Amino acid sequence: MLTAHDNEFLCRVGPGTAMGNLLRRFWMPALISTEVPEPDCPPVRVRLLGEDLVAWRNTDGSVGLMQNACPHRGASLFFGRNEENGLRCVYHGWKFDTEGQCVDMPNEPAESNFKHKIKAAAYLTEEAGGVVWAYMGPVETKPVLPRPEWTLVPDEQRVVSRYWQENN
Ligand code: FES
């Protein structure tokens, strides 16, 4: 039987934990593509490896995956407005692109460059097989996205679903 220490070691997957660091070296399914069905659709909540995130389909069709808490005052970006290639916080209007870079700060003077200094935690995504995959590890160790056969068949020949299962 595992000791309490070993159990903690093996089960914790948050940032900075041993297993969290390991799992962050792989692509993992984050959500089904249809959960963000079209550009500029409402954002959705995603919880991955102990991190509360928000996902949205950008105006250009890519999928953003970023920390849920706004870097300004921590408001939930789930309530943000997905518009013109970015997610805008509804509290004070800071806007972020899919890389987490702040691109607009309406409450700063026009000549301010403060927005360039603000970057939220954001993760790489790719789509394959009707699934949005996320890579949450260091960019320099990003592996190629695996393409099992079921991701290669036409959409109409595949059913993708997900469900919640509690385990350790
Ligand atoms: S809390 Fe998001 S812009 Fe202020």
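Have a look at T17, T34, V63 and report the one farthest towards the positive end of the charge dipole of the chain, computed about the Cα centre with Cβ charges (Lys/Arg +1, Asp/Glu -1). Value: T17.
Can you tell me how much longer the chain between K117 and E166 gets when fully stretched, taken as 0.36 nm per residue apart minus their C-alpha distance, in nm with one decimal?
Numbers: separation 49, 0.36 × 49 = 17.64 nm, distance 3.87 nm.
Result for the pair: 13.8 nm of gain on full extension.
Exposure proxy shown here: for V90, V103, V139, the number of other Cβ atoms within 10 Å sets the order, fewest to most, as V139, V90, V103. Distances between placed amide hydrogens fall under 5 Å for W94 paired with C89, all partners being 5 or more residues away or on another chain.
The distance separating the Cα centre of the range 82-108 from that of the range 28-78 comes to 13 Å.
Coordinate-derived values only; no laboratory data. Just so it is clear, the structure is predicted and the values come from calculations on it, not from any experiment. Cβ atoms come from the backbone with ideal geometry, glycine included; neighbour counts cover every protein chain shown.
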